[in-house]
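Here the structure is laid out as structure tokens; the discussion comes afterwards.
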Amino acid sequence: AQSVSQHNHHVILSEAASLELGCNYSYGGTVNLFWYVQYPGQHLQLLLKYFSGDPLVKGIKGFEAEFIKSKFSFNLRKPSVQWSDTAEYFCAVNAGTGRRALTFGSGTRLQVQP
Amino acid sequence: EAGVAQSPRYKIIEKRQSVAFWCNPISGHATLYWYQQILGQGPKLLIQFQNNGVVDDSQLPKDRFSAERLKGVDSTLKIQPAKLEDSAVYLCASSLSGLAGGETQYFGPGTRLLVL
């Protein structure tokens with residue numbers, strides 16, 4: 001069975017600070033990896049995803065993530081956060097074949113202070 | 001493009017009562033998912049439909065939860081009878097085909113259920 005770990009449950013940063021949120025998954029086969037974001041009062045929306053090709057993927061709003069297969073990791077990064085990045089961030093995975101439903105991590109709440 | 005619609009947005013019931021949630025996916029999306037998100041946790045799949053057939057309901061508590069997607073479009077999720085531990089946000093998501101692993105799932109706003 002797949003599982004996803006997000007070790008940072010709550011992160012507080014000042015504006016302009018750099019961000020890195022950790023995500024590790026447990027699955028032996030080919031995977032597809034996703035980062036979703038939930039802004040206050042809004043629904044979950046896709047930030048970025050990896051399913052093949054360049055392991056460094058770029059998403060919306062200046063976010064990027066790097067798939068490191070040997071470390072089973074897909075960490076999310078942003079060089080300079082803004083107050084508007086305050087949200088909850090979820091890492092998710094599904095298998096490369098078969099079941100398409102996502103397995104989510106428990107989420108990281110990011111608070112950016114102006 | 002209209003997104004995934006869900007109703008109601010909020011529901012408060014007492015334990016042992018029944019409740020139903022409705023979802024209308026993005027037009028043309030063949031695959032529909034229901035997830036349960038308990039406070040402090042990530043969403044967890046309850047059931048996945050491909051058109052009007054069930055693909056995966058392995059994590060659906062079938063003694064109390066049921067879901068249908070009769071015409072392959074909108075879907076209802078029912079809980080009968082509800083328990084306190086069913087308090088959660090129920091999310092509906094859809095994707096175009098459900099066949100490609102890297103396919104984006106689009107989420108609705110969710111229904112927040114409180115069982116007293």
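Reported value for the protein assembly as shown: 123 Å³ per residue, from the convex hull of its C-alpha atoms.
Roughly how many Å² is the accessible area per residue of the range B:1-105, as a whole number, for a 1.4 Å probe?
With all protein chains present, the range B:1-105 gives 49 Å² per residue.
For the peptides B:59-70, B:91-102, the ranking by mean Cβ contacts within 10 Å, running from highest to lowest, is B:91-102, B:59-70. Taking only the alpha carbons of the range B:65-116, we obtain Rg and Dmax values of 13.5, 40 Å in that order.
Net charge within 12 Å of B:Tyr90 by Cβ-Cβ distance, Lys/Arg positive one each and Asp/Glu negative one each, not counting B:Tyr90 itself? Once positives and negatives cancel, what remains is +4. Restricting the calculation to Cα atoms, chain B yields a radius of gyration followed by a Dmax of 13.4, 41 Å. Near A:Ser18: Cβ cut-off under 9 Å, other residues only, Lys/Arg at +1 and Asp/Glu at -1. The net charge is +1. Relative to the compact-globule estimate of 2.2 N^0.38 Å, the Cα radius of gyration of the range A:3-114 comes out at 1.02. Measuring from a point 7 Å past the Cα of A:Gln111 along Cα-to-C-beta, which residues in the range A:15-50 have an amide N at less than 20 Å? Backbone N within reach: A:15-22, A:37-42. Mean per-residue shielding of peptide A:101-113 is 4, counting Cβ atoms of other chains within 10 Å of each Cβ. Annotation for the B:A interface, with buried accessible surface near 1500 Å², both sides summed [1.4 Å probe; non-protein components not counted]. Counting, for every residue in A:40-46, the Cβ atoms of other protein chains within 10 Å of its Cβ and taking the mean gives 5. Computed from the Cβ-Cβ distance with R0 of 35 Å, the FRET efficiency linking A:Ser84 to B:Leu84 stands at 0.45. In this structure, the residue pairs whose Cα-Cα separation is over 22 Å, taken from A:Lys49/A:Lys78; A:Lys78/B:Lys44; A:Lys49/A:Lys69; A:Lys49/A:Lys71; B:Lys15/B:Lys62; B:Lys44/B:Lys78, are A:Lys78/B:Lys44.
Of the beta bridges in the protein assembly as shown, as assigned by DSSP with both residues counted there, near 90 percent are antiparallel. Solvent-accessible surface of chain A, taken per residue with a 1.4 Å probe and all protein chains present: 48 Å².
Accessible surface of chain A, 1.4 Å probe: 52 percent of it comes from carbon and sulfur atoms. Residues of the range B:83-103 that lose at least 40 Å² of accessible area (1.4 Å probe, protein heavy atoms only) when the other protein chains are present, relative to their chain alone, are B:Gly101, B:Gly102.
Would you tell me the mean number of C-beta atoms belonging to other protein chains that fall within 10 Å of each C-beta in B:14-26, as a whole number?
On the way: counts 0, 0, 0, 0, 0, 0, 0, 0, 0, 0, 0, 0, 0.
That works out to 0 on average.
About the centre of its Cα atoms, chain B shows a dipole size close to 400 debye [charges on the beta carbon of Lys, Arg (+1) and Asp, Glu (-1) only; nearest 20 debye].
The values are calculated or read from the model by the stated rules, or taken from the named source; none is laboratory data. Small disclaimer: the values here were computed from a predicted structure and weren't measured. Every residue, glycine among them, receives a Cβ derived from its backbone with ideal geometry; neighbour counts consider all protein chains shown. Areas reflect the complete protein model, heavy atoms only, side chains present, ligands, DNA and RNA absent. Shrake-Rupley method; radii C 1.70, N 1.55, O 1.52, S 1.80 Å.
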